[in-house]
Amino acid sequence: MKIFYIANVRMPTEKAHGGQIMKMCEAWANVHQVILWSPWRVNYIKKDPFDFYCVEKKFKIKKIFSLDFLPVQRLFGRSAFYFQNISFAFFVFLRLLFVRADLFFSRDFWSSFFLSLFGKKVVYEIHDSPSQHLITKFAFRYIYKFVTTNKFKARELQEKFDISKDKILVAPNGVDIGLFNISVSKEECRKKMNLPLDKKIILYTGHLYSWKGADIFLKAAINLKDDDIVSVFVGGTPEDFERFKNNAKNTNNILILGHQEQSSIPYFLKASDILILPNTAKERISREETSPLKLFEYMVSEKPIIASNIPSIREIVDEKEVVFFEPDNAEDLKNKIIFVLNNYENCLKLAKNAKEKIAVYSWDKRTEKILEFVEN
């Protein structure tokens, strides 16, 4: 089968969706011929995408022209975003309209719309709730099938856009189990990552955006006045990195490490004692729309997980796999960290349950499920 994956994403990108796209293409490429179509964009990350995401070179990446005014967005405002989006979709349309593929798979609305309007059977993967604009409703009449990463967005498609249930597949995100299931001791990982050997390490990986809830963990960490505990933040843009470092400058038990290579993340997870997933409940993207990639990565590591008690996370795990805390409540998160440390052996049983559950969330399983859905 020949598969075209169309993604209007700067590649590589420090954002998590770049890894999701590359891992999907890699999984499909184990069996099929795959081409990833992405835009020509100004990119400060110069590393090869395959190396950046620890992905085998089993598929091709081809570039499509787009009007990239995003680096000078201050001059153009929101127009820079629209110019880039529409121009990429237009040139995708020109490049692919007369090219044959067995599956056109895209997470880009405008590309999906243009190609569908002219007869291509496009499967559109939705990660954020679509707007109820008249153009969106019109486009959805022509798009062949839909993939959502959770049940909330699937219900929205049925209730707000009148899309039949048989045209929608719910397929949560996944994880490269082989990449994260490393056979290295906690002590060796700490030495490799230059982390303290004699402390309890509470770890968060990912961006430091407000909806990710990292600031809630930071507040909890500041109040963990215990010299035996170190809270570690891995990830974030340069701006957020500086902001977090400034907020934690008067503490001696918090490490703000910034963005790290994807290949190092499994070692950080294995070096930890507890993993934190602190998504906020105040924003819908976090509370209901997301399918957190870091949750699946955490589950492979077999470390106790403390997570926000919100619907998007509960769709994947429950009290048999994680310890929940009240979202946006730094004091409750602090108390749950102390609880897990004081009941560590019992919490390791939850971590084991989480690892056993992760088998169904591999990228291979996800891509197989999507192809079965498309073919049926």
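In the set LYS60, LYS47, which member is in contact with a strand residue (DSSP E or B) (Cβ under 8 Å, 6 or more places away or on another chain), farther than 18 Å from ILE370 by Cβ, open to solvent by 20 Å² or more (accessible area, probe 1.4 Å) and not β-branched (Val, Ile, Thr)? Steps first, answer last, please.
Values: LYS47 fails: in contact with a strand residue (DSSP E or B) (Cβ under 8 Å, 6 or more places away or on another chain).
Answer to the check: LYS60.
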Next on the checklist: Consider region 85-118. How many of its residues are in a helix (DSSP H, G or I) and surrounded by 18 or more Cβ atoms within 10 Å (Cβ to Cβ)?
Outcome noted: 16
Next on the checklist: Would you confirm, using the coordinates I've provided, whether ILE35 is at pLDDT 95 or above, buried (at least 21 other Cβ atoms within 10 Å of the Cβ) and of a type in the set (Val, Ile, Thr)?
Outcome noted: no
Checklist entry - Assuming LYS47 fulfils every condition listed in (1) within 24 Å of ARG95 (Cβ to Cβ); (2) over 19 Å from the mean Cα position of the chain (by Cα) apart from one, which condition is it? => result (1)
Checklist entry - Mind checking which pairs have a first residue in region 124-150 that is free of Cβ contacts under 8 Å to residues at least 24 places away in the same chain and under 14 Å from GLU288 (Cβ atoms) and a second that is of a type in the set (Asp, Glu) and open to solvent by less than 30 Å² (accessible area, probe 1.4 Å), Cβ under 8 Å, 6 or more apart or different chains? => result THR148/GLU125
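Which one is modelled with the lowest pLDDT among residues in region 237-252 that are open to solvent by 20 Å² or more (accessible area, probe 1.4 Å) and touching a strand residue (DSSP E or B) at 6+ places or on another chain (Cβ under 8 Å)? Spell out the reasoning first.
Restricting attention to region 237-252, the residues satisfying the condition of being open to solvent by 20 Å² or more (accessible area, probe 1.4 Å) are 237-243, 245-247, 249-252.
Of the ones still in play, those that are also touching a strand residue (DSSP E or B) at 6+ places or on another chain (Cβ under 8 Å) are 238, 241, 245.
Working: PRO238: 85, PHE241: 88, LYS245: 88.
So the residue we want is PRO238.
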Checklist outcome for this item: Taking region 119-151 and the residues there that are within 22 Å of SER286 (Cα to Cα) and among the aromatic types (Phe, Trp, Tyr), the one that is most open to solvent (accessible area, probe 1.4 Å) would be TYR124
Checklist entry - Can you pull out the helices (runs of 4 or more DSSP H) entirely within region 119-186 that have at least 3 residues that are within 21 Å of the chain's Cα centre (by Cα) and of a type outside the set (Gly, Ala, Ser)? => result 151-161, 177-180
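I need a count of the residues in region 103-131 that are in contact with a His (Cβ under 8 Å, 6 or more places away or on another chain) and either under 16 Å from LYS62 (Cβ atoms) or charged (D, E, K, R) (or both). Break it down stepwise before answering.
Quick first cut of region 103-131, residues in contact with a His (Cβ under 8 Å, 6 or more places away or on another chain) only: 107, 127.
Adding the requirement that they be either under 16 Å from LYS62 (Cβ atoms) or charged (D, E, K, R) (or both) leaves 107.
Going through region 103-131 one residue at a time, the tally reaches 1.
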Next on the checklist: Among the listed residues ILE3, ILE64, identify the single one that is over 18 Å from GLU261 (Cβ atoms), of a type outside the set (Ser, Thr, Tyr), in contact (Cβ under 8 Å) with a residue 24 or more places away in the chain and in contact with a Cys (Cβ under 9 Å, 6 or more places away or on another chain).
Outcome noted: ILE3
Checklist entry - Any residue at all in region 68-90 that is over 30 Å from VAL360 (Cα atoms), β-branched (Val, Ile, Thr) and without any contact (Cβ under 8 Å) to a residue 24 or more places away in the chain? => result yes
Next on the checklist: Under 8 Å between Cβ atoms, which residue pairs at least 6 apart in sequence (or on different chains) link something in region 161-183 that is farther than 16 Å from TYR267 by Cβ with a partner that is of a type in the set (Gly, Ala, Ser) and part of a loop (DSSP other than H, G, I, E, B)?
Outcome noted: PRO172/SER291; ASN173/SER291
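Between LYS336, LYS303, LYS270, which is at pLDDT 95 or above, crowded, with 16+ Cβ neighbours inside 10 Å and touching an Asp or Glu at 6+ places or on another chain (Cβ under 8 Å)? Break it down stepwise before answering.
On the way: LYS336 fails: touching an Asp or Glu at 6+ places or on another chain (Cβ under 8 Å); LYS270 fails: touching an Asp or Glu at 6+ places or on another chain (Cβ under 8 Å).
Answer to the check: LYS303.
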Checklist entry - Is there a residue in region 80-95 that is closer than 30 Å to GLU261 by Cβ, of a type in the set (Gly, Ala, Ser) and more than 23 Å from the chain's Cα centre (by Cα)? => result yes
Checklist entry - Pairs, please: C-beta under 8 Å, at least 6 apart or cross-chain, first residue at positive phi and in region 198-211, second open to solvent by 50 Å² or more (accessible area, probe 1.4 Å)? => result GLY206/ALA16
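The values are calculated or read from the model by the stated rules, or taken from the named source; none is laboratory data. Just so it is clear, the structure is predicted and the values come from calculations on it, not from any experiment. All Cβ positions, glycine included, derive from the backbone under ideal geometry; neighbour counts span all protein chains shown. To get the accessible areas, we keep the full protein, side chains included, count just its heavy atoms, and leave off ligands, DNA and RNA. Shrake-Rupley method; radii C 1.70, N 1.55, O 1.52, S 1.80 Å.
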